[in-house]
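The values are calculated or read from the model by the stated rules, or taken from the named source; none is laboratory data. Because the structure is predicted, anything quoted here is derived from the model rather than measured. Glycine also receives a Cβ, built like all others from the backbone with ideal geometry; neighbour counts cover every protein chain displayed.
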Amino acid sequence: MSFSFPILPGGHLLAIEGLEPPHIGALLDLAESYALLNRGGKTQRDLLRGRTLINLFFEDSTRTRTSFELAGKRLGADVINMSVSNSSVNKGETLLDTASTLNAMHCDLLVVRHAQSGAPALLSQKVSASVINAGDGTHEHPTQALLDALTIRRRKGRLEGLVVAICGDVLHSRVARSNIHLLTAMNARVRLVGPPTLMPAEAGRLGVEVFHDMKAGLAGADVVMMLRLQKERMTGGLVPSSREFFRFFGLDREKLAVARPDAIVMHPGPMNRGVEIDSAVADDPERSAIGEQVEMGVACRMAVLDVLARDLRRNA
Amino acid sequence: MHDLLFTGARLLDPASGLDGPGDLLIRDGLILDHGSGLGRPDGVTAIDCAGLCLAPGLVDLRADIGEPGHEHRETIATAAAAASAGGITTLCALPDTDPALDDPALVQFVLRRGEATGCITLLPYGAATKRCEGGELAEYGLLKEAGAVAFTDGRRAIGNARTMRLALSYARAFGSFVVQHPEEPSLAAGGAATEGELATRLGLPGIPPAAEAMMVARDIALARITGGHVHFAHVSTAAALGLIRAAKAEGLAVTCDTAPPYFDLNETAIGDWRTYAKLSPPLRPEADRLAVVAALADGTIDAIASDHQPRDADDKRLPFAQAEAGGAGLATLLGVTLARVHGGDLSLLAALDLLTARPAKLLGLPVGRLAKGVAADLMLLDLDRGWQVKDGQLPGKAQNTPFDGRALEGRVVGTWKAGRRVFG
């Protein structure tokens with residue numbers, strides 16, 4: 001596949017917001033082709049040969065880091081994982097000191113996860129590598145939105161016109177923000193469902209509809225996307241208890257029944273079973289697309305690495 | 001000391017409404033006379049102003065000057081140099097230093113250090129509460145005797161209603177007032193930007209604008225029951241200004257100031273994670289900026305303060321939520337205010353009034369005027385001289401300006417403190 005335009009302007013993937021629909025479509029098409037290759041057991045070992053990919057994770061993550069590692073290796077990159085201990089995360093100097101260290105290592109592709117919104121953008125100004133945001137604070141998680149969109153597209157054949165309900169702790173969710181930007185750009189109809197205490201200010205101005213009642217928000221939905229509720233949100237007083245949250249905002253068969261009969265259920269993982277999602281729904285092979293999300297994660301990350309590596313070659 | 005005669009000036013004195021050509025004569029550091037045809041006494045040094053504006057030096061109600069405790073950001077000497085370059089001759093220093101100015105000896109220390117600069121009158125605030133921690137009241141009487149100009153906890157809101165009540169009440173005994181950072185702390189905790197669409201998009205923890213209005217409402221109620229005088233610093237929202245306007249109409253002892261960022265910038269300045277535009281209170285939506293401009297014009301706002309908050313690169317080169325809030329403001333106080341004059345929102349005299357006579361009156365100081373017998377604190381201003389704000393090129397140590405790149409019109413070309421030239 002070849003493209004006549006730079007898919008990721010600036011040579012980084014820092015956010016979905018600002019990407020144009022043709023860019024998103026091209027990334028998804030490329031990811032789809034990698035999904036097929038991966039299923040066929042084929043690899044592209046030469047595409048990133050000689051390139052160094054560093055997974056720089058300031059926050060713990062197993063699945064995202066592993067997914068990027070697998071994507072990099074399948075394309076032939078040398079992959080190094082750097083985990084920065086929590087004790088030094090809060091020292092901002094560390095972030096820019098790390099940048100100069102990485103520059104000295106001649107890293108080509110830098111995958112960053114950080115607890116602070118905007119940290120990958122700050123790094124991108126200081127490092128020579130292409131930066132991929134693997135989740136920054138409550139800002140964005142762009143590759144998650146890509147893999148979610150690819151999963152939906154494969155299940156539903158399209159994004160345009162679909163009703164997608166994003167449910168739970170939207171306030172603290174970078175996954176939700178990236179999905180909102182991507183899905184609205186692709187003309188899906190996005191609904192946010194959750195208690196007002198977990199809804200960001202002026203959420204309605206993001207081109208979405210806001211609901212505080214699950215059945216109203218899920219009525220007629222094609223896709224139900226659940227978000228992880230972090231335990232510390234309860235201690236922060238934003239919801240009184242997990243049992244109350246599950247009763248009113250957790251996804252179970254009864255609430256799912258108001259969605260379209262062929263609605264799919266998604267979750268970015270890791271799941272809190274019995275808090276935001278009932279196991280009976282999460283493990284239902286008819287409805288749950290959660291396993292496919294993980295599979296599409298590797299394909300989407302391969303597509304992103306591929307596109308950024310093309311820019312590297314172009315600039316070489 | 002030499003006598004000085006300024007000739008051919010456009011004299012501007014907001015206190016008397018004077019705006020016209022004339023001369024001004026200084027003897028022994030005091031203004032001896034001004035007007036036309038003063039003649040030229042023997043031994044006088046004449047300065048030809050060539051039609052430039054001669055006005056009182058500015059009185060800045062609010063600046064963090066770094067010392068003691070944060071000398072890597074700014075010192076009294078570097079702040080004084082920046083102030084002189086900005087036309088400021090009287091500067092009030094915040095007490096939330098390290099240690100906080102809650103002891104008469106510390107107030108005297110800052111006063112002495114200010115005097116030693118020779119170029120500004122530096123007036124420290126006393127801490128409103130011990131260590132500026134919002135608990136027990138500091139020693140207002142002793143602090144005032146030592147030279148404290150008024151009382152505040154600086155960048156920290158006095159959050160406890162009972163403490164604020166006591167502060168307003170007790171300050172009356174010494175004819176003083178309390179300056180509040182109007183922001184309800186429990187709503188502002190952890191916030192990095194004004195709550196709203198932009199903060200939501202950037203994934204930044206928000207501070208609702210109502211955090212300002214509710215603190216203002218509370219303290220107006222406390223001013224009403226104590227009879228004390230509350231002054232709100234850097235007011236930035238339409239809602240708070242509406243409450244202050246009503247309190248003034250009611251006749252309560254309520255005053256306020258704002259700072260240039262709140263009438264020149266709106267929240268979009270923080271886009272692309274620009275930490276130099278991270279301020280406290282945070283920049284607001286455009287509707288609030290317009291309300292601040294309107295409140296400057298209708299007199300609701302009593303003064304414009306620089307709200308100078310020096311920060312170094314290490315404080316600012318961080319992810320947005322972790323970066324320190326605050327912007328350098330001494331050098332740009334006048335220029336950014338004049339933008340509202342050039343923009344047609346304020347008359348030149350009204351703008352200067354907000355920077356000279358009105359803050360001086362608030363503090364009860366005999367400065368900020370071109371009157372016979374008062375200290376010859378003056379600035380010479382070229383209203384038409386354009387310049388561009390550039391971080392790295394500002395006078396003083398702090399370079400963290402939120403106005404980087406801003407083109408301004410009107411620049412100080414000379415500053416005199418008690419008749420002695422300290423800039424230009």
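Condition first: closer than 22 Å to A:GLY161 by Cβ, crowded, with 16+ Cβ neighbours inside 10 Å, among the hydrophobic types (A, V, I, L, M, F, W, C) and in contact with a helix residue (DSSP H, G or I) (Cβ under 7 Å, 6 or more places away or on another chain). Can you find one or more residues in region A:270-279 that meet it?
Quick first cut of region A:270-279, residues closer than 22 Å to A:GLY161 by Cβ only: none.
For region A:270-279, residues closer than 22 Å to A:GLY161 by Cβ, crowded, with 16+ Cβ neighbours inside 10 Å, among the hydrophobic types (A, V, I, L, M, F, W, C) and in contact with a helix residue (DSSP H, G or I) (Cβ under 7 Å, 6 or more places away or on another chain): absent.
Confirm whether B:THR415 is among the polar types (S, T, N, Q), part of a loop (DSSP other than H, G, I, E, B) and buried (at least 17 other Cβ atoms within 10 Å of the Cβ).
Numbers: among the polar types (S, T, N, Q): yes; part of a loop (DSSP other than H, G, I, E, B): no; buried (at least 17 other Cβ atoms within 10 Å of the Cβ): yes.
Here the answer is no, as B:THR415 does not meet what is asked.
Being over 24 Å from B:SER347 (Cα atoms) and out of contact with any strand residue (DSSP E or B) (no Cβ under 8 Å at 6 or more places or on another chain) is true for just one of B:GLY29, B:GLY17, B:GLY39. Which residue is that?
Numbers: B:GLY29 fails: out of contact with any strand residue (DSSP E or B) (no Cβ under 8 Å at 6 or more places or on another chain); B:GLY17 fails: over 24 Å from B:SER347 (Cα atoms).
Matching residue, one of B:GLY29, B:GLY17, B:GLY39: B:GLY39.
Out of curiosity, is A:SER67 surrounded by 14 or more Cβ atoms within 10 Å (Cβ to Cβ) and touching a Gly at 6+ places or on another chain (Cβ under 9 Å)?
Working: surrounded by 14 or more Cβ atoms within 10 Å (Cβ to Cβ): yes; touching a Gly at 6+ places or on another chain (Cβ under 9 Å): yes.
So A:SER67 fits the description; yes.
For the subset of region B:114-146 comprising residues that are among the hydrophobic types (A, V, I, L, M, F, W, C) and in a helix (DSSP H, G or I), which member is farthest from B:ILE158 (Cα to Cα)? Explain how you work it out, then say what you get.
So in region B:114-146, the residues among the hydrophobic types (A, V, I, L, M, F, W, C) come out as B:116, B:119-120, B:122-123, B:127-128, B:132, B:137-138, B:142-143, B:146.
Remaining after also requiring in a helix (DSSP H, G or I): B:116, B:132, B:142-143, B:146.
Details: B:ALA116: 32, B:CYS132: 9, B:LEU142: 21, B:LEU143: 18, B:ALA146: 23 Å.
The residue in question is B:ALA116.
So, in region A:197-240, of the ones that are away from chain B (no Cβ under 14 Å) and charged (D, E, K, R), which residue ends up nearest to A:ILE152 (Cα to Cα)?
Top of the filtered list is A:ASP222.
Please tell me if A:ALA134 is assigned by the TED database to the domain that holds A:VAL307 and part of a helix (DSSP H, G or I). Show your work before the answer.
On the way: assigned by the TED database to the domain that holds A:VAL307: yes; part of a helix (DSSP H, G or I): no.
So A:ALA134 does not fit the description; no.
Which members of region A:269-283 meet the condition of being over 20 Å from the mean Cα position of the chain (by Cα) and small (Gly, Ala, Ser)?
Passing the criteria: A:GLY274, A:SER279, A:ALA280.
Out of the residues in region B:164-191 meeting the condition of being surrounded by 21 or more Cβ atoms within 10 Å (Cβ to Cβ) and more than 16 Å from B:GLY126 (Cβ to Cβ), tell me which one is nearest to the other protein chains (Cβ to nearest Cβ).
B:GLY191
Within region B:368-393, count every residue that is assigned to a loop (DSSP other than H, G, I, E, B), of a type in the set (A, V, I, L, M, F, W, C) and buried (at least 22 other Cβ atoms within 10 Å of the Cβ).
As a first pass, look at region B:368-393 and keep what is assigned to a loop (DSSP other than H, G, I, E, B): B:368-374, B:376-377, B:389-393.
Keeping just the survivors that are of a type in the set (A, V, I, L, M, F, W, C) gives B:370-371, B:374, B:376, B:389.
Retained after the next criterion (residues that are buried (at least 22 other Cβ atoms within 10 Å of the Cβ)): B:370, B:376.
Residues in region B:368-393 being assigned to a loop (DSSP other than H, G, I, E, B), of a type in the set (A, V, I, L, M, F, W, C) and buried (at least 22 other Cβ atoms within 10 Å of the Cβ): 2 in total.
Determine which single condition B:ALA80 fails, assuming it passes every other condition in (1) surrounded by fewer than 21 Cβ atoms within 10 Å (Cβ to Cβ); (2) in a helix (DSSP H, G or I); (3) under 18 Å from the mean Cα position of the chain (by Cα).
Every listed condition holds for B:ALA80 apart from (1).
Would you check which residues across region A:105-117 are among the charged types (D, E, K, R) and either in contact (Cβ under 8 Å) with a residue 60 or more places away in the chain or away from chain B (no Cβ under 14 Å) (or both) and list them? First the steps, then the outcome.
Within region A:105-117, the subset among the charged types (D, E, K, R) is A:108, A:113.
Listed by number, the list holds a single entry, A:ASP108.
Quick one: which of A:ALA176, A:ALA165, A:ALA185, A:ALA203 is farther than 17 Å from A:ILE277 by Cα and in contact (Cβ under 8 Å) with a residue 40 or more places away in the chain?
Details: A:ALA176 fails: farther than 17 Å from A:ILE277 by Cα; A:ALA165 fails: farther than 17 Å from A:ILE277 by Cα; A:ALA203 fails: in contact (Cβ under 8 Å) with a residue 40 or more places away in the chain.
Step by step, each of A:ALA176, A:ALA165, A:ALA185, A:ALA203 is checked, and only A:ALA185 is farther than 17 Å from A:ILE277 by Cα and in contact (Cβ under 8 Å) with a residue 40 or more places away in the chain.
Of the numbered conditions (1) hydrophobic (A, V, I, L, M, F, W, C); (2) buried (at least 24 other Cβ atoms within 10 Å of the Cβ); (3) modelled with pLDDT under 95, A:VAL164 satisfies every one except a single condition; which is it?
(3) is the only condition that A:VAL164 fails.
Which residues, taken from region B:192-216, are of a type outside the set (A, V, I, L, M) and within 11 Å of chain A (Cβ to nearest Cβ)?
In the first step, residues of region B:192-216 are kept if they are of a type outside the set (A, V, I, L, M); the result is B:194-197, B:200-201, B:203, B:205-206, B:208-209, B:212.
Result: B:THR194, B:GLU195, B:GLY196, B:GLU197, B:THR200, B:ARG201, B:GLY203, B:PRO205, B:GLY206, B:PRO208, B:PRO209.
Could you list, in sequence order, the residues of region B:40-77 that are in a strand (DSSP E or B) and charged (D, E, K, R)?
If we filter region B:40-77 for residues that are in a strand (DSSP E or B), which is where we start, we get B:45-48, B:53-56, B:58-63.
Once the filter is applied, which keeps residues that are in a strand (DSSP E or B) and charged (D, E, K, R), region B:40-77 yields B:ASP48, B:ASP60, B:ARG62.
Kindly provide the set of residues from region B:244-254 that are surrounded by 23 or more Cβ atoms within 10 Å (Cβ to Cβ) and either out of contact with any helix residue (DSSP H, G or I) (no Cβ under 6 Å at 6 or more places or on another chain) or not in a strand (DSSP E or B) (or both), ordered by number. Steps first, please.
Within region B:244-254, the subset surrounded by 23 or more Cβ atoms within 10 Å (Cβ to Cβ) is B:244, B:247, B:254.
Correct list: B:ILE244, B:ALA247.
Just to verify a result, which residue in region A:118-135, among those that are at the interface with chain B (Cβ under 7 Å from one of its Cβ atoms) and either touching a Ser or Thr at 6+ places or on another chain (Cβ under 6 Å) or in contact (Cβ under 8 Å) with a residue 60 or more places away in the chain (or both), is farthest from B:PRO319 (Cα to Cα)?
Restricting attention to region A:118-135, the residues satisfying the condition of being at the interface with chain B (Cβ under 7 Å from one of its Cβ atoms) are A:118-119, A:121-122.
Still in the list and also either touching a Ser or Thr at 6+ places or on another chain (Cβ under 6 Å) or in contact (Cβ under 8 Å) with a residue 60 or more places away in the chain (or both): A:119, A:121.
Details: A:ALA119: 5, A:ALA121: 9 Å.
My answer is A:ALA121.
Tell me, which helices (runs of 4 or more DSSP H) lie completely within region A:1-117 with 2 or more residues that are modelled with pLDDT of 95 or more and touching a Cys at 6+ places or on another chain (Cβ under 8 Å)? Give the derivation first.
Working: elements: A:21-39, A:63-74, A:86-89, A:92-104.
Counting at least 2 such residues, we get A:21-39.
Filter region B:261-273 down to the residues that are touching a residue at least 12 places away in the same chain (Cβ under 8 Å) and surrounded by fewer than 24 Cβ atoms within 10 Å (Cβ to Cβ) and list them by number.
B:ASP264, B:LEU265, B:ASN266, B:GLU267, B:THR268, B:ALA269, B:GLY271, B:TRP273
Conditions: (1) of a type outside the set (A, V, I, L, M, F, W, C); (2) touching a helix residue (DSSP H, G or I) at 6+ places or on another chain (Cβ under 8 Å); (3) within 14 Å of chain B (Cβ to nearest Cβ). A:SER100 meets all but one. Number of the miss?
So the condition that A:SER100 fails would be (2).
Looking at region B:274-329, which of its residues are among the hydrophobic types (A, V, I, L, M, F, W, C), within 14 Å of chain A (Cβ to nearest Cβ) and surrounded by 23 or more Cβ atoms within 10 Å (Cβ to Cβ)?
Residues satisfying the conditions are B:ALA277, B:LEU318, B:PHE320, B:ALA321, B:ALA323.
Say whether the condition of being under 16 Å from A:GLY72 (Cα atoms) and touching a strand residue (DSSP E or B) at 6+ places or on another chain (Cβ under 6 Å) is met by at least one residue in region A:16-33.
no
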